[in-house]
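The values are calculated or read from the model by the stated rules, or taken from the named source; none is laboratory data. None of these values were measured; they are calculated from a predicted model. Neighbour counts run over all protein chains shown; Cβ positions are idealised from the backbone, glycine included. Keep in mind that these areas ignore ligands, DNA and RNA; they rest on the heavy atoms of the full protein, side chains included. Shrake-Rupley method; radii C 1.70, N 1.55, O 1.52, S 1.80 Å.
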Amino acid sequence: MLSAQTGQAAPAKRKAPAVAAPQTLDRKVMLTADGTAVLGDPSAPVKLVEFMSYTCPHCAHFNEESHTELREGMVRGGKVSIELRPYLRNEFDLVASLLVTCGNKDKWFGNNDAVLAAQSSWFKEPADPTYKKRWDALEGNKAALRKVVARDLGLVKLMQARGYTPAQLDTCLANEARARQLTAMTDQASADGVKGTPSFKINGKLQDVYGWEPLKPLIQSTLLPPATI
């Protein structure tokens, strides 16, 4: 295009550099020294710890029931951060926890939601007798057993839909150091007084509630400014 004044080509306008959209707090994830994930602002006034089990139907219900108010409201608004601490009730919990916490930490909360949402399709008691026979044969090989269990239950297929490859998942399932770390978390939670799932701590104090409706007012009361005399 020619300049009206000079007859020369006008300099091309530079496009403004693309600016990445700010990451909302309900997508901000950090790792703790213990190997757990914290969602939200780490300096939020309410620090919620959730002790949860992937085979616990009450945990799946809590995750669904609390999601809008807790994640999209309180966490996104910077009022609450959530730390997920797996609490292993059985070997299925260990398999699921190894898969959920596989790879990039930014995917862990999404993995958590997907596995809990599909709980009724992959976790059934008693287990299929055909599966059980195959599992019994691998009892002495923990890594191989976890891989077979994850495939038989459909968890590998579920995680592939989350962008993982079978090879990535197998590596995580064979991670004995991580398995020991998750077991140690459970032992420590039990020593701290956790008796069932879901259980919660607010700012370091274990609460005697087990669902969203009784937990919500405790969070709200913690957010209130201290009364003045």
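Worth a mention:
- Selection status of residue 60, of a type in the set (Gly, Ala, Ser) and crowded, with 21+ Cβ neighbours inside 10 Å: yes
- Residue list for segment 29-48, filter: open to solvent by 20 Å² or more (accessible area, probe 1.4 Å) and in contact (Cβ under 8 Å) with a residue 60 or more places away in the chain: 30, 31, 34, 45, 47
- Filter result (out of contact with any helix residue (DSSP H, G or I) (no Cβ under 6 Å at 6 or more places or on another chain), closer than 28 Å to residue 131 by Cβ and part of a helix (DSSP H, G or I)) within segment 56-68: 57, 58, 59, 61, 64
- Selected residue (criterion: most open to solvent (accessible area, probe 1.4 Å)) from residues of segment 69-94 that are among the aliphatic types (A, V, I, L, M), more than 30 Å from residue 124 (Cα to Cα) and assigned to a helix (DSSP H, G or I): 74
- Here the condition is being at pLDDT below 95, in a helix (DSSP H, G or I) and either surrounded by fewer than 17 Cβ atoms within 10 Å (Cβ to Cβ) or touching a strand residue (DSSP E or B) at 6+ places or on another chain (Cβ under 9 Å) (or both); of 26, 106, it holds for 26 alone.
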